[in-house]
Amino acid sequence: MTGATAFRASFDCLWCGTPHATRGPDDLEGWAQLCPACLGRAGENPFLRFRLRTAIADRAAAGRTGDTAAAAAVAADESPVTEPETGSDPMVAYYEARAPEYDEWYLRRGRYARGAIHDMAWQADLDTATAWLDALPLSGRIVELAAGTGWWSPLLATKGELWCTDAASAPLDIARDRLVAHRLRAHLHVRDAWAEPDEPADALFTGFWLSHVPRNRLAAFLGIARRWLRPGGTFAFIDSRFDPQSSAVDNEPSQDAETSVRRLNDGRTFTIPKVFYEPTELESALHAAGFADASVTTTPRFFLLGRATAA
Ligand SMILES: C[S@@+](CC[C@H](N)C(=O)[O-])C[C@H]1O[C@@H](n2cnc3c(N)ncnc32)[C@H](O)[C@@H]1O
């Protein structure tokens, strides 16, 4: 299905007519000749989906590697369209492979069971984090970056219209099933968290993503987070504190290293970025990125709870 699209640097969207200028020849919008909003609705409309799939194929055939920017929006009861270009990032490869066993970490099952005392403390912290997130005044257009298997997505989807995104499609399939099980809907996108925002959001959420942002890229990511939000919008995140019992029994986390070696149940290992930020460090970085009222607190052992308002 290649050859039906040709790249145009600027065009009127074939679906809604809105003029759009691309940032460069890797932009999928230019290949599909669809504006970001229509490309984002590709899962809901056969014509838009056809243009998206053809654009992905034609861009690849032209030898453009691109990044993993907006690929597909789908309703919660449809299958995500897989953007095939995420394979070169080891972290995406790791989470693609880990998807079927990812929730064992939340549920303290298998290699993540650390004994009754630690597991009860984990559950108590998880309850605290859930209640904290539930109490935040999130509403309107809510964007979740690096949503994974969607552990937090049902809660977010009850508060507003949720765009649930991740660079890996296997976790998003599980997120979709979770939302469907709760009879909730969201737009599911395969999307790189490093891609520039398309439409402004009222709220942005990341779960266990900031700790995968290397320290030397933290300011850049928080800049993206700020640009997602309308003034007054809320950025909220839950993330990891260092605790030896947080990860699998055969992982050896280090508080100071900025990478972590992760093992899957089948024994494969991956090395990925993992940074244990201090609350004060994050608060300073949030203020420097254009947020006000930044507040990063902790649960007793395992989690950071952060929120800030787009200034
Ligand atoms: C630790 S998991 C967090 C999942 C979920 N937010 C949660 O709280 O359970 C990190 C997620 O980041 C995703 N990821 C890795 N690199 C990414 C990227 N460049 N853009 C978007 N998501 C990415 C992975 O696929 C994975 O689902």
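Every read-out reported here was derived from the displayed coordinates using simple, explicitly stated rules and does not represent laboratory data. Model, not experiment: these values are computed from the prediction. Using ideal geometry, Cβ is built from the backbone for each residue, glycine included, and neighbour counts are taken over all protein chains shown.
Under the rule a/c < 1.5 gives rounded, and otherwise a/b versus b/c splits prolate from oblate, where does segment 104-199 land using the Cα gyration tensor? It comes out prolate by the Cα gyration axes.
List the relative contact order of the chain as a percent without decimals, with contacts defined as Cα pairs under 8 Å and 6+ residues apart. Numbers along the way, then the final one.
Details: 663 pairs, mean separation 48.1, N = 311.
This gives 15 percent for the chain.
Work out, step by step, the length gained on full extension between Ser295 and Thr130: first 0.36 nm times the residue separation, then minus their alpha carbon distance; give nm to one decimal. Before the final figure, lay out the partial values.
Numbers: separation 165, 0.36 × 165 = 59.40 nm, distance 1.68 nm.
Using 0.36 nm per residue and subtracting the Cα-Cα distance, I get 57.7 nm.
A simple spin-label model places the labels of Glu104 and Glu199 3.9 nm from each other, with each point 7 Å out along Cα-to-Cβ. Between the alpha-carbon centres of segment 107-185 and segment 260-311 there is a gap of 16 Å.
Estimate the FRET efficiency between Glu278 and Ser139 by the formula 1/(1 + (r/R0)^6), using the beta-carbon distance for r and 25 Å for R0, to the nearest 0.05. Present the calculation step by step, with values, prior to reporting the outcome.
Working: r = 30 Å, r/R0 = 1.21.
Computed FRET efficiency for Glu278 and Ser139 comes out at 0.25.
Angle between the Cα long axis of helix 116-135 and the longest principal axis of the chain, 0 to 90 degrees, nearest 10? Orientation of helix 116-135: about 50 degrees from the principal axis. Working note: 222 nm ellipticity from helices only, DSSP H runs with n ≥ 4, each -39,500 (n - 2.57), summed and divided by the residues of the chain, gives -9500 deg cm²/dmol to the nearest 500.
What translational diffusion coefficient, in µm²/s and rounded to a whole number, does the Stokes-Einstein relation yield for the chain at 25 °C and a viscosity of 0.890 mPa s, taking the hydrodynamic radius as the Kirkwood radius over Cα pairs?
On the way: Rh = 20.1 Å.
Estimated via Stokes-Einstein, D reaches 122 µm²/s.
The angle between the Cα long axis of helix 169-181 and the main principal axis of the chain comes to about 80°, on a 0 to 90 degree scale.
If I fit a long axis through the Cα atoms of helix 218-228 and take the longest principal axis of the Cα atoms of the chain, what angle between them do I get, 0 to 90°, rounded to 10? Relative to the chain, helix 218-228 is tipped by roughly 60 degrees.
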